[in-house]
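As structure tokens, the structure follows; a few thoughts come after it.
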Amino acid sequence: MLNSLKSAGFAGNTRGDGFSPTSQTGTVLIAEDEDDIRELLAYQLRKEGYSAILAANGRTAYEMAAEYTPDLIVLDIMMPEINGIELCEMIRKDSALEEIPIIFVTANTDDEVLARAFQVGGNDYIRKPFNKIELLTRIRAVLTHKELIEAKRVEQKLTGVMELAGAVAHELGQPLQTILTCSELLVLGSDQGERTRELVKIISEQCRRMADISKKVRKITTYSTKKYIGSTNIIDIDKATAE
């Protein structure tokens, strides 16, 4: 194992090297055909607080990516069955996986190979033998960038929802008020039968309910959804307006 530590560039990188990791979260898929390096990478990532899932070849890595949808893939370029570049292409063509960031690791120093790795959708790369600090710093940077993109996406969705909600609430407000006023006038009418008054009362109550929903829609402050039918999600108004 010591030889593996040295070849992977981890020898000597202990807690005394000035590196102070913070608590991390996220699942990293490690696709590496060399057993010692694969296990070592997993050990280092788990020690930093990440979850690590392991694959010894490209085919298994693709299956595990589809099953677990990891937050990041650390991908060796040279692997049996399906190499890293081919796997990256497959992932970028899969709508369920295409946004997962990928860091390539390789002993190949050919710039054309590295250029190809970026062309197929790689986010970063590290040459072997690599240093623990460099590896963890790059992983952290890629995951932070992913989080920023996701936060921006949620912000954009919230902006769209709030604009639509405001428009809908505004357009519904006047018709609802008109219906409510008319229903109240009908209830007050002395020439109406009991059944008619009951029906008008129901209309009035439902109008008030719709008005309450309209008020809630105006107060949406967060983007929150809930399951509706099948794979369809809808805005969860109660959670979206919770203070």
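The values are calculated or read from the model by the stated rules, or taken from the named source; none is laboratory data. All values derive from a computational prediction rather than experimental measurement. Note that we place each Cβ from the backbone using ideal geometry, even for glycine, and neighbour counts take in every protein chain shown.
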Review point. Can you name every residue in the range 131-157 that is more than 15 Å from residue 45 (Cβ to Cβ) and hydrophobic (A, V, I, L, M, F, W, C)?
Key: 148, 149, 151, 154
Point to revise | Residues of the range 103-154 that turn out to be under 23 Å from the mean Cα position of the chain (by Cα) and assigned to a helix (DSSP H, G or I), as a count | key: 21
Check your understanding: How many residues does the range 69-102 contain that are among the β-branched types (Val, Ile, Thr), within 21 Å of the chain's Cα centre (by Cα) and part of a loop (DSSP other than H, G, I, E, B)?
Key -> 2
**Study point:** Answer residue from the range 64-109, given it is in contact with a Lys or Arg (Cβ under 7 Å, 6 or more places away or on another chain) and aliphatic (A, V, I, L, M) and is modelled with the lowest pLDDT among those
**Key:** 107
Practice item. Within the range 46-68, work out how many residues are under 20 Å from the mean Cα position of the chain (by Cα) and under 19 Å from residue 131 (Cα atoms). Key: 3
Exercise for review: Using the structure shown, decide if residue 140 is of a type outside the set (A, V, I, L, M, F, W, C) and assigned by TED's automatic domain parsing to the domain that holds residue 33.
Suggested key: no
**Study point:** Residue selected from the range 70-99 under the condition in contact (Cβ under 8 Å) with a residue 40 or more places away in the chain and of a type in the set (Val, Ile, Thr), by the criterion surrounded by the fewest Cβ atoms within 10 Å (Cβ to Cβ)
**Key:** 77
